[in-house]
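Novice: The structure's right below; bear with me while I get my questions together.
The values are calculated or read from the model by the stated rules, or taken from the named source; none is laboratory data. Please read these numbers as outputs of a predicted model, since none were measured by experiment. With ideal geometry, Cβ positions are generated from the backbone for all residues, glycine too; neighbour counts draw on all protein chains shown.
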Amino acid sequence: MMRSRAKALAHPFLGGSADKEELTSLPDHALVGVIRMPGSTISPVRSITRRIIGALLALAATVLLVYLDRDGYQDNNAGDGLSLLDAIYYATVTLSTTGYGDITPVSDTARLVNVVVITPLRVLFLIVLVGTTLEVLTERSRQAFKIQRWRSKVRDHVVVIGYGTKGRSAVTALLGEGADPGRIVVVDTNHTALEAASAQGLVTVNGSGTRSDVLRVAGATRARAIVVAPARDDTAVLVTLTARELAPKAQIVAAVREAENVHLLRQSGADSAVVSSETAGRLLGMATSTPSVVEMFEDLLTPDAGLAIAEREVEEQEVGGSPRHLSDIVLGVVRDGHLYRVDAPEADAIESGDRLLYVKKVTPAEP
């Protein structure tokens, strides 16, 4: 009942209609612009500079070859041999395919060099000059091919819906734990946010996370986890409801600003709910009297340095013992999907199949 009401309420602000063409019915090449695969991060100025340098190198190589074998060329307008200026002139008109014919190779060696070396250089020179145009023409085809390959292979990835402050922080935490950027998909409607996500090497989908066809295009049905981090609580509830309907087995983590909306997220299918405003408020209050505690929390929440909270499987020799007697600082025991604090009676003895929530020391990666 609640799902049908939520779906009915969703339609007015989704901008969709019954006859609107769904993204899932479109071929892969039509999704270019909706899905964006990570690409090269080379700036346009750097790319053009590289092409100019390549063209100059090809020209210089041709000039050198012609000048060294200048006795094998004939200038129809002059009886003497080729000067350096003549060699530059011949190389320029040859590589640009202008070919006036006033200077021609007459010896066998010069003709062989033209066929074997200068002709490939001419092709290279043209490719370099028109490289920008060719890149624009072929970029759509490359993107379509990447999208097709990605959609056919993507499994057990993470979908992040909303790339604002919360979404970016979630992605930073995932990358800090060693996640592959290519296995993180960001869904948002803000082009600036999508550009920032793409610059990090993430796959992006341009669309609203409240639409089921957008989530299908993002591969939510095969995702390992879905992070719901929009700016509004009502949007978070609707996104969670849609995501749970599409991915009944995925781990769904959602963020809300107000604690009174947590039960709505739970009812919509969220496995975990994070209250951003209350959490920040508690830290602000603690900072007024115990700032060192807040500093420790920040250290624990930063996965790339200092201390971090992690989870691991129990080792065979640890079964039957107490988690309080281990060398690791154990905070809790995860058993059958339930978390028991280390002081809970259920956590007195470690059982086979348990997972330990503990504090580990993180060594910063060398630059």
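Novice: Quick one: count up the residues across the stretch 326-353 that are closer than 21 Å to Glu316 by Cβ, surrounded by 12 or more Cβ atoms within 10 Å (Cβ to Cβ) and touching a helix residue (DSSP H, G or I) at 6+ places or on another chain (Cβ under 9 Å).
Specialist: Total meeting the criteria: 11.
Novice: Okay, next question. Search the stretch 48-89 for residues being in a helix (DSSP H, G or I) and of a type in the set (Ser, Thr, Tyr), and hand back the single one that is modelled with the lowest pLDDT.
Specialist: Thr49
Novice: Quick check on my filter: what residues within the stretch 27-47 are surrounded by 13 or more Cβ atoms within 10 Å (Cβ to Cβ) and modelled with pLDDT of 65 or more?
Specialist: Those that are surrounded by 13 or more Cβ atoms within 10 Å (Cβ to Cβ) and modelled with pLDDT of 65 or more: Ala30, Leu31, Val32, Val34, Ile35, Arg36, Met37, Pro38, Ser47.
Novice: Using the structure shown, decide if Ala310 is assigned by TED's automatic domain parsing to the domain that holds Arg224 and touching a residue at least 24 places away in the same chain (Cβ under 8 Å).
Specialist: So Ala310 fails the test.
Novice: Whether any residue in the stretch 90-104 is modelled with pLDDT of 70 or more, surrounded by 15 or more Cβ atoms within 10 Å (Cβ to Cβ), among the hydroxyl-bearing types (Ser, Thr, Tyr) and in a helix (DSSP H, G or I) is what I want to check.
Specialist: Within the stretch 90-104, one or more residues are modelled with pLDDT of 70 or more, surrounded by 15 or more Cβ atoms within 10 Å (Cβ to Cβ), among the hydroxyl-bearing types (Ser, Thr, Tyr) and in a helix (DSSP H, G or I).
Residues are listed down the side, and each one gets a yes or a no for (1) surrounded by fewer than 17 Cβ atoms within 10 Å (Cβ to Cβ); (2) at pLDDT 90 or above:
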| position | (1), (2) |
| --- | --- |
| Ala197 | no, yes |
| Val237 | no, yes |
| Pro248 | yes, yes |
| Ile252 | no, yes |
| Val256 | no, no |
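Novice: Separate question: Could you figure out which of (1) more than 29 Å from Asp234 (Cβ to Cβ); (2) part of a strand (DSSP E or B) isn't true of Leu339?
Specialist: (1)
Novice: A further question on this structure: Mind listing just one residue for me: the one in the stretch 171-185 that is more than 19 Å from Glu311 (Cα to Cα) and in a helix (DSSP H, G or I) and, of those, farthest from the chain's Cα centre (by Cα)?
Specialist: Only one residue fits best here, namely Arg183.
Novice: Let me ask something else about it. Under the condition of being hydrophobic (A, V, I, L, M, F, W, C), in a helix (DSSP H, G or I) and touching a strand residue (DSSP E or B) at 6+ places or on another chain (Cβ under 9 Å), which residue from the stretch 203-245 is farthest from Lys146 (Cα to Cα)?
Specialist: Here the answer is Val237.
Novice: Hey, can you tell me all the residues within the stretch 186-199 that are part of a helix (DSSP H, G or I) and either among the polar types (S, T, N, Q) or closer than 23 Å to Lys360 by Cβ (or both)?
Specialist: Thr192, Ser198
Novice: Also, I was wondering about something else. In the stretch 105-117, how many are at pLDDT 75 or above and touching a Phe, Trp or Tyr at 6+ places or on another chain (Cβ under 7 Å)?
Specialist: 0
Novice: Of all residues in the stretch 246-259, how many are touching a strand residue (DSSP E or B) at 6+ places or on another chain (Cβ under 9 Å), within 11 Å of Asp271 (Cα to Cα) and in a loop (DSSP other than H, G, I, E, B)?
Specialist: Qualifying residue count for the region: 1.
Novice: Would you check if Glu260 is under 24 Å from Gly167 (Cα atoms), modelled with pLDDT of 80 or more and surrounded by 11 or more Cβ atoms within 10 Å (Cβ to Cβ)?
Specialist: Against the criterion (under 24 Å from Gly167 (Cα atoms), modelled with pLDDT of 80 or more and surrounded by 11 or more Cβ atoms within 10 Å (Cβ to Cβ)), Glu260 does not qualify.
Novice: Mind checking which pairs have a first residue in the stretch 155-174 that is in contact (Cβ under 8 Å) with a residue 12 or more places away in the chain and under 21 Å from Asp233 (Cα atoms) and a second that is surrounded by fewer than 23 Cβ atoms within 10 Å (Cβ to Cβ) and among the hydroxyl-bearing types (Ser, Thr, Tyr), Cβ under 7 Å, 6 or more apart or different chains?
Specialist: Lys166/Ser276
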